[in-house]
Amino acid sequence: MAGNIIPAIATANAIVAGLAVLRAQGILKGEIESCTSVYLRPKVNHRGQLFVPERTLTAPNPKCYVCAPKPEVALVCNLKQLTLKDLTAAFKEGLNMQAPDATVEGKGLVVLSSEPGETDHNNQKTLEEIGLNDGCALLVDDFLQNYEVRVRLQQEDEENSWRLVTDTDAPMPGPKEEEPANGSNGAEEPKPGPSRTNHDSDSDMEIIDEDDNGEPVEKPPKRRRKEMSDEIVEIC
């Protein structure tokens, strides 16, 4: 029923929104050093605190593709079968983008555009057919969000599948390396799918003193890029 909500949830949301506004005012005033991370606890702790502040802002997660200084993710797929339309769906579902734009790194060639009709004629073409190959790097940004990710393509022979690997520093499992080997070093394979920042929900959380100071990362404004030619060329 409309309007039938739990008062405690609405109150908690209002409190968190108010704290976010206070921190935003500090950032606008150039006083980010005075901003701290604040946790709203479900119950008061042994110190009688319901709001538990930290001394500084929590440092960005270097493996997070949103708050990392240079976010990067690997897209493992079959370049001979994945179409440009499928690539759009992968960015929207895997990276939570709304209007993705993609260009080839270092060349500025538009592969995918959020502008209606600009690259729709290539929707049914595979990535291999439009000139993308194994190891090609794409700069992907969301026109509706301040959000940019570097995506490196990784070839895999699996049919009709794709997955995102966030820890690109770890060795990528190949399509024929699924069987365990006796000489394996026991290294853990990176988990598929996009990374997510884990928020601590432990009810026994206490104030932790940290010396690391988080610094905001300025990103350049988004600009429309030149259209990709209809001619199919090797671009990577």
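The values are calculated or read from the model by the stated rules, or taken from the named source; none is laboratory data. As the structure is a computational prediction, the values presented were derived from the model and not from experiment. Here Cβ is always computed from backbone atoms with ideal geometry, including for glycine, and neighbour counts include all displayed protein chains.
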Q. Inside the range 45-99, can you point out the residues that are over 17 Å from Ser114 (Cα atoms) and of a type in the set (D, E, K, R)?
A. Arg47, Glu54, Arg55, Lys63, Lys70, Glu72, Lys80
Q. Residue check, Cys67 against (1) part of a loop (DSSP other than H, G, I, E, B); (2) at pLDDT 85 or above, all met but one. Which one?
A. (2)
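Of these, Gln49, Gln81, Gln25, Gln124, which one is within 23 Å of Phe143 (Cα to Cα) and not aromatic (Phe, Trp, Tyr)? So that I can check it myself, show each step before the final result.
Values: Gln49 fails: within 23 Å of Phe143 (Cα to Cα); Gln81 fails: within 23 Å of Phe143 (Cα to Cα); Gln25 fails: within 23 Å of Phe143 (Cα to Cα).
Unique residue meeting the criteria: Gln124.
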Q: Please work out which one of (1) surrounded by fewer than 19 Cβ atoms within 10 Å (Cβ to Cβ); (2) over 29 Å from Gln25 (Cα atoms) is the condition Leu75 fails and give its number.
A: (1)
Q: Restrict the check to the range 97-118 and report whether at least one residue is of a type outside the set (A, V, I, L, M, F, W, C), without any contact (Cβ under 8 Å) to a residue 12 or more places away in the chain, more than 30 Å from Asp157 (Cβ to Cβ) and loosely packed, with under 12 Cβ neighbours inside 10 Å.
A: yes
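Regarding Pro42, is this residue loosely packed, with under 10 Cβ neighbours inside 10 Å and in contact (Cβ under 8 Å) with a residue 24 or more places away in the chain?
Values: loosely packed, with under 10 Cβ neighbours inside 10 Å: yes; in contact (Cβ under 8 Å) with a residue 24 or more places away in the chain: yes.
Judged against the criteria, Pro42 is a match.
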Q) Exactly one of (1) part of a strand (DSSP E or B); (2) touching a Cys at 6+ places or on another chain (Cβ under 8 Å); (3) buried (at least 20 other Cβ atoms within 10 Å of the Cβ) is unmet by Leu138. Its number? A) (2)
Q. What number goes with the only condition from (1) under 19 Å from the mean Cα position of the chain (by Cα); (2) closer than 18 Å to Glu72 by Cα; (3) part of a loop (DSSP other than H, G, I, E, B) that Ser114 does not pass?
A. (2)
Q: Name the one entry in Lys80, Lys92 that is under 18 Å from Trp162 (Cα atoms), of a type in the set (Lys, Arg), touching a strand residue (DSSP E or B) at 6+ places or on another chain (Cβ under 8 Å) and without any contact (Cβ under 8 Å) to a residue 24 or more places away in the chain.
A: Lys92
Q) What are the pairs, 6+ residues apart or on separate chains, where a residue within the range 136-162 that is under 17 Å from Thr126 (Cβ atoms) and among the β-branched types (Val, Ile, Thr) has its Cβ under 7 Å from a residue that is surrounded by 19 or more Cβ atoms within 10 Å (Cβ to Cβ) and modelled with pLDDT under 90? A) Val151/Val73
